[in-house]
Structure formats: structure tokens, C-alpha cells
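For reference, the structure is listed below as C-alpha cells.
Laboratory data are not the source of any read-out in this text; all were calculated from the coordinates shown. For clarity, every value in this text was computed on a predicted model and none was experimentally measured.
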Amino acid sequence: MKILSADLVTSAYTGGARDGIIRDELPQFGFIGRSNVGKSSLLNALMGRTLARTSAAAGKTRHANYYRVTAEGGKGGLATWGVYLVDLPGYGYARGGHDSRQELSGVVDAYLSALERPPAPNAPQREDRGAMFLMVDSRHPGLAADLEAWQHLSSRARVHVVASKVDKLSRSERAKSVRELTRIFNQAPIVVSSTSGEGLDDIWRVIASATIGDA
Ligand code: GDP
């Protein structure tokens with residue numbers, strides 16, 4: 001599989017008259033996690049381009065940034081296909097934990113309703129309109145804010161858990177983290193490192209499989 005292009009197409013915000021949420025026929029894959037979890041780094045690594053801003057510059061953005069990615073190939077051959085990778089706002093800024101649900105509303109709910117909505121009348125019927133990647137820090141499995149996010153999101157979308165920064169763990173710490181996360185979220189996490197590149201192929205496999213049925 002090869003990335004042919006990746007571009008920021010819109011920055012959606014639910015505060016205005018038009019929210020900017022994209023509701024066309026391309027599948028959408030949202031990335032969400034606590035601030036500093038490594039979301040921008042992962043998106044940049046996945047796209048092979050520095051498009052998403054890393055924490056130092058990003059601040060507490062409430063926008064959803066849509067990257068349109070065109071890829072070629074996969075197991076099925078050389079056909080070209082497209083998806084949106086969506087950089088959703090971070091959460092976990094609120095102290096005390098009780099504001100996490102509020103932090104997840106707004107643009108995230110608008111994104112979720114776009115995933116849920118039936119396709120336009122003459123768009124091809126798609127069973128899978130996309131999914132969510134919930135990023136959690138592999139060093140800190142089971143944080144309350146992550147569990148709240150999981151509960152909020154998994155009732156409305158397919159959610160894959162991504163364990164970030166695994167290069168920072170020893171082999172035994174890593175095994176322990178994977179065990180913990182599997183128990184907590186009832187699924188094996190996709191283990192990634194934007195630094196080493198580990199796990200990037202696994203994420204693309206999930207995306208390609210949902211989009212072109214390429215396992
Ligand atoms: P975001 O706030 O979730 O977008 O997080 P960033 O991508 O900006 O990353 C936050 C910090 O973690 C930055 O200092 C990154 O350099 C660092 N970081 C991100 N991903 C990794 C990783 O896979 N391994 C390591 N060691 N550091 C990472």
C-alpha cells in the first residue's frame with residue numbers, strides 16, 4: 001500500500017452556523033485521546049507528512065481537522081481509494097474528571113452523527129462508514145478520562161484502542177500494559193510507536209480492511 005496524497009481539507013468547529021463536518025461518501029477514521037497522548041505524531045507518521053501540529057503549538061483546539069488521504073494498493077491490487085483521517089479534539093484538560101463528558105461533546109458528537117447517518121440518496125450503501133481510534137498512553141493503562149471516553153464513544157461507533165509510545169516500555173512492561181488494556185477494553189490494543197514506526201501498518205490494515213475489504 002502506498003500513500004499518494006494527504007491534505008488538510010477542512011477544520012470543523014460546531015460553534016458556527018455551519019459546522020464544517022464532512023458528510024460525503026468517503027469513510028472517516030477519527031483519532032482521539034488525551035492531550036499529549038501522541039495523536040498528532042501518529043497522524044503525521046501515518047500520512048508520512050508533517051500536517052498535524054504537535055502539542056507544543058496546538059493548544060486546546062476544539063476543531064476537528066479532516067485530512068483527505070488517497071492511497072493505492074493493498075492486497076486487492078493497485079486500485080486507488082480514499083479516506084478521511086480526522087484529528088479530533090483532545091480531552092483531559094478538565095481537573096477532577098467531571099468535565100470529561102462535556103469535553104467530548106460538540107465537534108466529537110457531530111463527527112459521531114456523521115458516522116451514523118445513512119448515506120446520501122444516490123451514494124453507494126456502505127456497511128462501514130468508518131471507525132474511531134481511541135489512543136491511550138501505553139504507560140498509563142486505565143485512566144479515568146480514557147474509560148469515560150471509551151464509554152461515550154463505543155456506544156455509537158466501532159472503537160479500536162491504540163496504545164501509544166510503546167518504545168518507552170521495556171519488554172515486560174509492554175506485556176503487562178497490553179494485558180491490562182485487553183482486560184479493561186475487552187479487545188487487544190493496537191500497539192504503536194511514532195518514533196520507531198511500529199504498528200503503523202496495523203492501523204492502515206484496519207483502515208484498508210474497512211474501506212476496501214482488504215484483510
Ligand atoms: P498530541 O497532543 O496527542 O497530539 O501529542 P503529540 O503528538 O504532540 O506528542 C506529545 C509528546 O509526545 C511530544 O513531545 C512527542 O514528541 C511525544 N511522542 C509522541 N509520540 C511518541 C512516540 O511514539 N514515542 C515517544 N517516545 N514519544 C512520542
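In this structure the amide hydrogen of residue 133, modeled in the peptide plane, comes within under 5 Å of the amide hydrogens of 30, 31, 32, 160, none closer than 5 places in sequence on its chain. Residue-wise HN-Hα couplings along the stretch 146-151, as the Karplus relation 6.51 cos²θ - 1.76 cosθ + 1.60 with θ = phi - 60° gives them from phi, are 5, 5, 5, 4, 4, 4 Hz; Gly and Pro carry x. The string of couplings for the stretch 32-40 from the Karplus curve (6.51, -1.76, 1.60, θ = phi - 60°) is 9, x, 4, 3, 6, 6, x, 5, 5 Hz, one whole number per residue in order, with x for Gly and Pro.
In this structure the amide hydrogen of residue 5, modeled in the peptide plane, comes within under 5 Å of the amide hydrogens of 70, none closer than 5 places in sequence on its chain.
Taking 0.36 nm per intervening residue step and subtracting the Cα-Cα distance, what contour gain separates residue 205 from residue 154 on full extension?
Result for the pair: 16.3 nm of gain on full extension.
Computed from phi, the 3J(HN,Hα) profile of the stretch 108-116 under the Karplus parametrisation 6.51, -1.76, 1.60 (θ = phi - 60°) reads 5, 5, 5, 4, 4, 5, 5, 5, 7 Hz, with x in place of Gly and Pro.
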